Amino acid sequence: MNPRIFVLALSTFSFGSSAFIFAGLLESMAADLGVSTGAAGQLQTAYVLASALAGPPLAMLLGKLERKGVLLTALGLAVVLSLVCMVAADFSQLLGLRAALGAIAALAGPAASTMAASLVPPERRGSAMATVMGGMTIAFLLGIPLGSVVGAAFGWRATFALSALLSLISFIAVALATPKVEAPPPIKGGKLAIPTALPLWAATFLAFGANMTVSTYIAPLIRLQTGITGAGVGAFQIAIGVGSFIGLWLGGRSADRGKGGLAVGLAFLALALGAGLHELELLGGAPAGPATYAVVCSAILIAATALFAIMPVVQTRLVEALPTAAPMALALNGSAASMGQALGGAVGGAMLSGFGGPALTSASMALAVSGALFWTLTAGRVKRLATA
């Protein structure tokens, strides 16, 4: 693999870490800012919602610009905005800054993927783009847990300083180690087949919604289940990173072997199982011990594995069904993922504030089961349309 591909993966790593960098400190942030934990979770909702809404328009507006310049601009702005987040005076300011960061993040992924595709032979483009996307899984494995450790030691504002540092490192690496890449020519021929793509986007939306209903509020849930707070949450967050690696491997193999339909249905059910394990522990009321820790880690691992197993299958189906419109289809799939994250943050916040932890995990299970039913009813139709 071209080493410059791994440099590009740093950009998705830095933005992926930035998206959830303060997740382990949500309760202390809420107390300091004078809002509820559910309200503080909307800082994540604002980020992903802005990313979802801004992504396609910004891609069209800046689509003709040189890709390295776009990526460096996004990383540079991320450094500045993260530092401003660190000194935000109140919750309203922080909410607006998080929305601006989310919009900037929407530029980075497509720019990095386009650069990666241009740096390798055609037969290696898929692997190169997957490596760039893999930066997000490293964020769950290292960046986000590191944020919990730094925040526990120096306060939640320090997590935004860490986010700025990661973006700065990525900026320097991309500036020094990658060449300029001109924008690809416009795609000629082919139309975006909405009836084919809509069920696939919906699957992405529901999968991220189900997962993020719990993951956004992982710190308060872990406190309720185990009593662990602060840096200790990072150990549980590492399980998300491990699960993402396993899920990408399983989903990729299923897609390659043409068994993606069954895999996605099972993965949605696994999402529900992960949420269900959380709820059993919340309702059990037993003192925290090794068994509790094992159940909670298993729940987190299963849910993360399921989410990332779904994504390769959906993306492969989109490319196969819409080869001449694949870039836009994948961009919209990214927006669907961001919208799902926003849904999860909003639903989880409402459930946690109004009804407590068990209601939050029940909502996650409901979304996951809905996803399984939806996929079961539409997967065959998508396949028929794709081969028509």
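From 12, 73, which residue is touching a helix residue (DSSP H, G or I) at 6+ places or on another chain (Cβ under 9 Å), modelled with pLDDT of 85 or more and surrounded by 19 or more Cβ atoms within 10 Å (Cβ to Cβ)? Before the answer, list the steps.
Working: 73 fails: surrounded by 19 or more Cβ atoms within 10 Å (Cβ to Cβ).
Matching residue, one of 12, 73: 12.
Any residue in region 75-87 that is more than 19 Å from residue 161 (Cβ to Cβ) and assigned to a helix (DSSP H, G or I)?
First pass over region 75-87, keeping only residues more than 19 Å from residue 161 (Cβ to Cβ): none.
Looking for residues that are more than 19 Å from residue 161 (Cβ to Cβ) and assigned to a helix (DSSP H, G or I), one finds none in region 75-87, hence no.
Just to be sure, is residue 181 closer than 29 Å to residue 2 by Cα, β-branched (Val, Ile, Thr) and at pLDDT 65 or above?
It is true that residue 181 is closer than 29 Å to residue 2 by Cα, β-branched (Val, Ile, Thr) and at pLDDT 65 or above.
As an exercise: evaluate residue 215 against (1) over 17 Å from residue 74 (Cα atoms); (2) surrounded by 18 or more Cβ atoms within 10 Å (Cβ to Cβ); (3) modelled with pLDDT of 90 or more and give the number of the one condition it does not meet.
With (1) over 17 Å from residue 74 (Cα atoms); (2) surrounded by 18 or more Cβ atoms within 10 Å (Cβ to Cβ); (3) modelled with pLDDT of 90 or more applied to residue 215, the lone miss is (3).
Write out, first by first residue and then by second, each pair whose Cβ atoms fall under 9 Å of each other, whose residues are 6+ apart or on separate chains, and whose first residue, in region 134-152, is in contact (Cβ under 8 Å) with a residue 60 or more places away in the chain while the second is charged (D, E, K, R) and surrounded by fewer than 24 Cβ atoms within 10 Å (Cβ to Cβ).
151/157
Have a look at 151, 143 and point out the one that is under 20 Å from the mean Cα position of the chain (by Cα) and either of a type in the set (Gly, Ala, Ser) or not in a helix (DSSP H, G or I) (or both).
Result: 143 is the single residue among 151, 143 that is under 20 Å from the mean Cα position of the chain (by Cα) and either of a type in the set (Gly, Ala, Ser) or not in a helix (DSSP H, G or I) (or both).
Condition first: of a type in the set (A, V, I, L, M, F, W, C), open to solvent by 10 Å² or more (accessible area, probe 1.4 Å) and modelled with pLDDT of 85 or more. Now tell me which residues in region 16-37 satisfy that.
31, 33, 35
Please determine, by comparing only the residues of region 53-70 that are crowded, with 22+ Cβ neighbours inside 10 Å and at pLDDT 80 or above, which one is nearest to residue 116 (Cα to Cα).
67
The values are calculated or read from the model by the stated rules, or taken from the named source; none is laboratory data. Fair warning: this is a prediction, and the values are worked out from it, not measured in the lab. No Cβ is skipped: glycine too gets one built from the backbone with ideal geometry, and neighbour counts run over all protein chains shown. We work out accessible area using only protein heavy atoms, side chains counted, and drop any ligands, DNA or RNA first. Shrake-Rupley method; radii C 1.70, N 1.55, O 1.52, S 1.80 Å.
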